[in-house]
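Peer 1: I am attaching a structure below and will ask some questions about it afterwards.
The values are calculated or read from the model by the stated rules, or taken from the named source; none is laboratory data. Small disclaimer: the values here were computed from a predicted structure and weren't measured. Here the Cβ is made from the backbone with ideal geometry for all residues, glycine too, and neighbour counts use every protein chain on show. Note: areas computed on protein heavy atoms with side chains; ligands, DNA, RNA excluded. Shrake-Rupley method; radii C 1.70, N 1.55, O 1.52, S 1.80 Å.
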Amino acid sequence: MLPEDLRETLAREISLAEHPKEKIVDVLYALQSHYGYLCDEAMRDAAELLGMTLLELEQLATFYDFLYRRPVGRHILHVCDGVVCWMFHQYSILDHMCRKLGVEPGQTTADGLITVLPSGCVGNCHQAPAMLVNGRFYGGLTPEKIEAIIDELRASPDDMGPCR
Amino acid sequence: MSTPFSPVLLRNRRDSGPLCLEDYCSTGGYEALKATLNKRSPGDVLEMVVEANLRGRGGAGFPAGRKWQSVPKGRGGPKYILPNTDEMEPGTFKDRILVGADPHLVIEGVVLCAYAVQANHGLFFIRPSYEMDAELMEKEVGIARQAGYLGKNILGSGFDFDLVVHRSAGRYICGEASAQINAIAGNRPNPQKGGPRMAVQGLWGRPTVVNNVETLACLPGILQNGARWFKDLALTPTGSGSKLYCVSGPVVRPGCFELPMGAPLRDIVFGQAGGMLPGRSFKACLPGGASTAFLPARHLDVAMDFDALAAIGHRLGTGSIIVFDEDICLVGATLNMINFFARESCGWCTPCREGLPYIGEILRQIESGQGREEYIPLLRRMARNMDYAYCSFAQGAVAPLLGLLDSFEDELREHIARRSCPFGAVVPAPPGKTCATGPVTFGPTPCREGLSCRI
Amino acid sequence: MPDLIIDGRAVTVPAGTPVIEAAQRLGIMIPRFCWHKALKVAGACRMCAVYFLDGPVKGLEMSCSTLALDGMVVDTGHPEAVDFRRWVIELLMVNHPHDCPVCDEGGQCLLQDETISGNHALRRYPGRKRTYRDQDLGPFVAHEMNRCIHCYRCSRFYQDIAGGRDFGPMQIASRVYFGRYEDGRLESPFSGNIVDLCPTGVLTDKTARFKARHWDLERAPSVCPHCSLGCNTTVNARYREVVRIEARANAAVNGYFLCDRGRFSHGFSSLPDRPRKALSRGLETSMEQAVTQLCARLKETAARHGPQALACLSSSRASLETLGALAGLAQSSGWTGPAVFSGPAQAGRTLQATLALSDTRACSLAEVAQADAVLCLGVDPVNEAPMLALALRQAALRGAPVLTADPRPLELPLPFVHLPVHPRDLPACLDALIALAAPAAENAPDALARLLPGYPELWPRLEQAAPALAACRRPLLVWGQAMPGPGLGEAVVRAAEVLSRTKDDCKLMAVLPGPNAYGAALLDKGDRPTWRDVLAGVSAGRIKAVLAVECDLPDPEILGGLEMLAVLDHLPSPIADMAQIFLPTTNLYESGASLVNNEGRLQFARPVQARGLPVSQDGRGGHPPRLYDLGLPGSDPKPAWEILADLQAALGGRGPSHPWEAVAAACPALAHLAPENYPFDGVRVVRHAAAPGLSPGAEAEARDTGPGTGFFSVVRGESLFGSDALGSYSPLARRAAGEPVARLASADALALGLADSDTAVITLDGRSLEIGVRPSPHMPPGVLVLPGHLVLESGTARVGRKKGEGA
């Protein structure tokens, strides 16, 4: 269900744009943020708002890696697997994280709280190994730091970062 | 160097965070803009930039002035500037540092570029990992607009230019200029070759300039101090300006350092970055991010500028130095990078889409001790054939591999001879069953499975 | 005109020609996958690499993305190029499954051809293949994504050329997927073309799945008989059954493509209940017997009531050969007819349309794309002549404004302006558009108020379109023949004259009722009766016997009281069931047919297969029956013209010995144009003679219609599938058509208390029928659109809610 005020806001933004197609990613982000992930209902809302077909939006949503067409948890951990993080034993970092959370890479914890996603170079190479937690950079990861971060996420589940 | 180098682009970098507008202005910010709007003609500005020999700092090194001069003059209708902050080249984080330190320097540079080509719309294209900097940019753009540095009739000059932040939804290929234009236009971000160049017909069929933010951030300095000053900043005869060099890997002080263009590689790695961590020794580095080739130790004294590196058959790229020590398996590193590029391939042309995973499979077999002698000439040929892909993505993707084959073939041979990785690396097996009787599904398939995780 | 040398041979080509096409002119087929003449250059497959030895370009380059320039020296067989292409093939085969034995494309597969000729044979890739899950794309196109080589041809055609929005590329990297958002039938009326375009077996004809290998097929060039556009096809048959239809390239008509109606409606030709035996009073008999009996009955009736009491009917689905033979027979025997058109309106309009299409005015389908403004009046392109919609899209993509005026709610795969206008106001609407198109449109604002007083809500749309219309130099007027009410044809001709005075050129295109309507018009001097006249004669007792040749009369019950009804057809039509004497004919796949399309292009559909029962029906899954006859089972049917020639001979005359004899006799202008002499893309004929009795029979509406009167003007609604004469017999087409509906304006529906999908009771011509309704906001008030097979000619109807349905 799309709340009326969100629908109106998005509709207004689209109608004010000189080229409405420039707004596609913003609309998809907004709906993804509202629904938690880019579910089918979100896609239908987006199609209606933008006057595009579901296929046309799916062409884009499945191309981009920050649009999630499958359910994700409240917190998304983008674990960098770029070559710099790799050389700092990225495998074991990712391994430790997954073991601690009890998931495989790409999966979400059973309580729906945390999703672990390997990601291409996130841009924090001087603090390798690094990851993004809800859009915030965390670097110099060690097993201890990871545990601390996960504990913090579990403790304050409402702390939503800027990037979803 | 006799006189110590004083940072230009990062002069306002502080631990406390980005520089606000007031502080920016009080340290000479927006003076270049004031000195240029209506006091110099756009043509004069272009000439200064050409004379300053400003080359693109996004990886290609194309002369910016020459690009901007090809924007048609005087035609009615919108023109676009796309400051490119899609920085996803592994090892590269300089644009993030720059934007995060001095957003108004970037804004001023963008406005100056817009004035030079008489563009009136700017879309600040930024990758999703940099969401915090996207928000920062949005905030500072609003502040700059309030203060009259953006929007209609900038500083009373009659020149209109406004900037909005356009968020990308990810993927490396969006950093390629024509792919970026497709991404903004709501199309699949495949690159678009052939047809008129983007400076003439780009976004929405209008003249469009796409440049890296570091390139644009050089403009205030050039316009304030002159082309000669900019050229004299460099340490090499053909270089110009200063450069943000990133250093990452097993060094004491990984980070982003601004130095004169053409600073020797040795000074950057062993000077600014403090050299190798205790107990490690330098084996090789990638001088400009993952789309460049391994540079062995014998080249440590090369000047880090476009021409000097080209002269030894290498590329400056983004100037992001990734250092490898003697304990790191370069085959594994190459495999990691090939997997990255295979995953980020847009999927348009055959060599890139099918060839990169093929190369990845070969390297994986070599790395896990299943390599064969005949793989080496095969890899060489396949890497060279990437020259004929649709865009230069594939060429960049195989640059480390070509460097590996040129300078570190012995590492490959050792893997093959030993039937294992001499550095003890263990490569995770690829997903899926081996000799399956049913369908083996590799990665997500139709529609619903679009997830960002690796294949 | 650049001169260049390719493989040692010189060639000169127009500027802007890519090297790959220049080579093709020399007969050198540079290997390719993604390049196609009809699609924009992609440069995706990298297969067309050739080596430039000299000239402005040197080294290895892609020949599709390199324009031919003066002084180029190209070597397509250079070792570097050959090696590179072999590598590209190797890459494409990395993930390709070993499906050849079970893949329909095998034997006609571009990937197979290029792989073998590219000298790649052994796999050395040591890894695993990526695989996909397939989708159900509907009844026409089968989907096997594992075979995909990602040439992007399908999505480039489907989205760019055809304007489809429900199929395209998803995902990224080596898992790019071509499909829909979810399972479901492809929505574009041109979806079948991706089957022709796909160079591998990803997209294949689902209706022909596993039926034949390419080398088993009998193939012949043919012409589509499902609308008046006459697109060129290649018919593939095996075991006396049509397996599938492919598009055949004709640069002047359909280009490289075909619509789904033309591709998938061929089921009419192999119906299990297709009549294949001559019948006399319901009993099977031999063809000779039947002819003899028919002859006797005809003589008897003529003797008793006079030859005028015998009438013959045919239709515009009959070939020129059939119509010519029938005309000759009717004339020599003094019979009434042949009546080919459904009524005076259809006859008059068709004849008038063919006269309007002079050599300079007539627009071929390919030329539609060159128009810089298109006005469509009283025509529903997607449902009446689907390929016209594709051509309109190409015009629109080049910037031509497209305006349609029609009472039906049109949908087109292109940006267009629709004017929902009552049929009687169509001429005035056209006049308004012409007024706007005049360069000095000073009187334009008044024109709208004067000519279209009842449509103030449309004025803004028209005013917005005015500048583009005024600026155009090569307008095209398209009109259909199915709109009730007089005047449209004259208005179009007048408009063309006005426009041609101020524009560079003004072309006309008429959409005609039936694949050979123009042909029927050629043989008609304007003095022939129509079906309606004949039926009136039957009611009045003037006509006592009817000979119906390949026609579908709706409501033939009235013919039940005839002394003699004889039918010649290859379809189990309702009228065939009523016939006292029935003679089976062959269809165009078996005997060929000359058809004239709506532009006046005479084309010949060659015979593909022998006549006779399809093997699948003969053996019924088992071994064919062990009958030791000469001749194939079920091969009694003969071409209609032959039967008519036999009949003429039996009646004491001399029938044509060659099918073209009768055509030449009926229309001397065609005498020299026997099918053997046609150029491969057909030959355009022009109908010159101003014949008497030309103006369409006025059929003023019997009543006032409109809101408040309770009466609606009835308009024929066509559908993509199943509403053309032959397609209506195809089970696949009928299934694809879905439930028939009646359409009316939303306001009218509201006033009647009808909601979407409610059942309405329609009273029309004294009959009553029940049908589901679909209201539309894009229709004018007072119009009811009914499926074509329910509407003989126009008329009026009452609409009411079905009793017993909830309020």
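Peer 1: If you check every pair at least six apart or on different chains, which have Cβ atoms under 7 Å apart with a residue in region C:733-744 that is more than 19 Å from C:Pro777 (Cα to Cα) first and a residue that is in a loop (DSSP other than H, G, I, E, B) and among the aromatic types (Phe, Trp, Tyr) second?
Peer 2: C:Ala733/C:Phe721; C:Ala736/C:Phe721; C:Ala737/C:Phe721
Peer 1: Kindly provide the set of residues from region C:254-312 that are in contact with a helix residue (DSSP H, G or I) (Cβ under 7 Å, 6 or more places away or on another chain) and among the basic types (Lys, Arg), ordered by number.
Peer 2: Across region C:254-312, the qualifying residue is only C:Arg261.
Peer 1: Another question, then. Please specify each residue of region C:39-56 satisfying the condition of being open to solvent by 30 Å² or more (accessible area, probe 1.4 Å) and not acidic (Asp, Glu).
Peer 2: C:Lys40, C:Val41, C:Tyr51, C:Leu53, C:Pro56
Peer 1: All but one of (1) open to solvent by less than 60 Å² (accessible area, probe 1.4 Å); (2) assigned to a helix (DSSP H, G or I); (3) under 21 Å from B:Gly142 (Cβ atoms) hold for B:Trp68; which doesn't?
Peer 2: Result: B:Trp68 fails condition (3) only.
Peer 1: Considering only residues of region A:89-117 that are surrounded by fewer than 23 Cβ atoms within 10 Å (Cβ to Cβ) and under 21 Å from B:Leu286 (Cβ atoms), which is nearest to the other protein chains (Cβ to nearest Cβ)?
Peer 2: A:Tyr91
Peer 1: Determine whether region A:14-26 contains at least one residue that is away from every other protein chain (no Cβ under 11 Å), of a type outside the set (Ser, Thr, Tyr), over 23 Å from B:Glu131 (Cα atoms) and open to solvent by less than 30 Å² (accessible area, probe 1.4 Å).
Peer 2: Scanning region A:14-26, I find no residue that is away from every other protein chain (no Cβ under 11 Å), of a type outside the set (Ser, Thr, Tyr), over 23 Å from B:Glu131 (Cα atoms) and open to solvent by less than 30 Å² (accessible area, probe 1.4 Å), so the answer is no.
Peer 1: Exactly one condition in (1) outside the structural domain of C:Leu357 (by TED's automatic domain parsing); (2) out of contact with any Cys (no Cβ under 7 Å at 6 or more places or on another chain) is not met by C:Glu497; state its number.
Peer 2: The failed condition is (1).
Peer 1: Residues that are of a type in the set (S, T, N, Q), at least 2 per element: which helices (runs of 4 or more DSSP H) completely within region B:198-310 meet that?
Peer 2: B:219-225
Peer 1: Let me ask something else about it. Here is a list: B:Pro287, B:Pro278, B:Pro264, B:Pro254. Which entry is open to solvent by 10 Å² or more (accessible area, probe 1.4 Å) and either in the same structural domain as B:Arg127 (by TED's automatic domain parsing) or touching a His at 6+ places or on another chain (Cβ under 7 Å) (or both)?
Peer 2: Matching residue, one of B:Pro287, B:Pro278, B:Pro264, B:Pro254: B:Pro254.
Peer 1: Based on what the data block shows, is C:Ser358 open to solvent by 30 Å² or more (accessible area, probe 1.4 Å) and in the same structural domain as C:Ala649 (by TED's automatic domain parsing)?
Peer 2: For C:Ser358, the condition - open to solvent by 30 Å² or more (accessible area, probe 1.4 Å) and in the same structural domain as C:Ala649 (by TED's automatic domain parsing) - is not met.
Peer 1: While we're here: Looking at C:Ala400, C:Ala438, C:Ala471, which one is in contact with a helix residue (DSSP H, G or I) (Cβ under 8 Å, 6 or more places away or on another chain) and at negative phi?
Peer 2: C:Ala438
Peer 1: Looking for something open to solvent by 10 Å² or more (accessible area, probe 1.4 Å), touching a Leu at 6+ places or on another chain (Cβ under 9 Å), within 14 Å of chain B (Cβ to nearest Cβ) and free of Cβ contacts under 8 Å to residues at least 60 places away in the same chain - is there at least one such residue anywhere in region C:92-99?
Peer 2: yes
Peer 1: Checking B:Phe423 against (1) modelled with pLDDT of 95 or more; (2) within 14 Å of chain A (Cβ to nearest Cβ), which test does it fail?
Peer 2: Result: B:Phe423 fails condition (1) only.
Peer 1: Follow-up. Among (1) modelled with pLDDT under 85; (2) open to solvent by less than 60 Å² (accessible area, probe 1.4 Å), there is one condition C:Glu718 misses while meeting the rest; what is its number?
Peer 2: Condition not satisfied by C:Glu718: (1).
Peer 1: Regarding region B:76-90, can at least one residue be identified that is within 14 Å of another protein chain (Cβ to nearest Cβ), more than 28 Å from A:Met87 (Cα to Cα) and of a type in the set (Gly, Ala, Ser)?
Peer 2: Yes, that holds for at least one residue.
Peer 1: Within region B:196-208, identify whether any single residue is within 12 Å of chain A (Cβ to nearest Cβ), open to solvent by 10 Å² or more (accessible area, probe 1.4 Å) and within 15 Å of B:Thr318 (Cα to Cα), and answer yes or no.
Peer 2: No, the conditions are met nowhere in region B:196-208.
Peer 1: Every residue in region C:100-149 that is open to solvent by 20 Å² or more (accessible area, probe 1.4 Å), within 11 Å of chain B (Cβ to nearest Cβ) and within 11 Å of C:Gly201 (Cα to Cα), please.
Peer 2: Of everything in region C:100-149, just one residue is open to solvent by 20 Å² or more (accessible area, probe 1.4 Å), within 11 Å of chain B (Cβ to nearest Cβ) and within 11 Å of C:Gly201 (Cα to Cα), namely C:Asn146.
Peer 1: I need the full set of residues from region B:301-349 which are away from chain C (no Cβ under 14 Å), open to solvent by less than 10 Å² (accessible area, probe 1.4 Å) and hydrophobic (A, V, I, L, M, F, W, C), in order please.
Peer 2: B:Met304, B:Leu309, B:Leu316, B:Ile321, B:Ile322, B:Val323, B:Phe324, B:Cys329, B:Leu330, B:Val331, B:Ala333, B:Met337, listed by residue number.
Peer 1: Kindly provide the set of residues from region C:183-225 that are of a type in the set (Lys, Arg) and in a loop (DSSP other than H, G, I, E, B), ordered by number.
Peer 2: Across region C:183-225, the qualifying residues are C:Arg185, C:Arg209, C:Lys211, C:Arg213.
Peer 1: Hey, another quick one. Can you confirm whether B:Arg171 is within 9 Å of another protein chain (Cβ to nearest Cβ), surrounded by 24 or more Cβ atoms within 10 Å (Cβ to Cβ) and either farther than 30 Å from B:Phe282 by Cβ or of a type in the set (D, E, K, R) (or both)?
Peer 2: yes
Peer 1: Just one of C:Gly537, C:Gly526 is assigned to a loop (DSSP other than H, G, I, E, B) and surrounded by fewer than 24 Cβ atoms within 10 Å (Cβ to Cβ); which is it?
Peer 2: One residue alone meets the criteria, C:Gly526.
Peer 1: Against the condition more than 7 Å from every other protein chain (Cβ to nearest Cβ) and in contact (Cβ under 8 Å) with a residue 40 or more places away in the chain, how does B:Leu356 come out, does it pass?
Peer 2: So B:Leu356 fits the description; yes.
Peer 1: Same structure, new question: Could you give me the residue pairs with C-beta distances under 6 Å whose first residue belongs to region C:462-474 and is farther than 21 Å from C:Glu497 by Cβ, whose second residue is open to solvent by 40 Å² or more (accessible area, probe 1.4 Å) wherever it lies, and which are 6+ apart or on separate chains?
Peer 2: C:Ala465/C:Val417
Peer 1: Go through (1) away from every other protein chain (no Cβ under 12 Å); (2) open to solvent by 10 Å² or more (accessible area, probe 1.4 Å) and name the single condition B:Phe161 misses.
Peer 2: (2)
For every residue, the table says whether it meets (1) over 24 Å from B:Pro287 (Cα atoms); (2) modelled with pLDDT under 95.
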residue	(1), (2)
B:Ile328	no, yes
B:Glu361	yes, yes
B:Leu379	no, no
B:Ala394	no, no
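Peer 1: Between a residue in region C:1-24 that is within 13 Å of C:Val74 (Cα to Cα) and open to solvent by 70 Å² or more (accessible area, probe 1.4 Å) and any residue that is among the small types (Gly, Ala, Ser) and in a strand (DSSP E or B), which pairs come within a Cβ distance under 9 Å, given they are 6 or more apart or on different chains?
Peer 2: Close Cβ pairs (under 9 Å, with a partner that is among the small types (Gly, Ala, Ser) and in a strand (DSSP E or B)) amount to C:Asp3/C:Ala10.
Peer 1: Mind checking which residues of region B:134-155 are among the charged types (D, E, K, R) and closer than 16 Å to B:Leu33 by Cα?
Peer 2: B:Arg145, B:Lys152
Peer 1: Could you tell me which residue of region C:154-182 is farthest from the chain's Cα centre (by Cα), considering only residues that are more than 7 Å from chain B (Cβ to nearest Cβ), assigned to a loop (DSSP other than H, G, I, E, B) and among the hydrophobic types (A, V, I, L, M, F, W, C)?
Peer 2: C:Phe167
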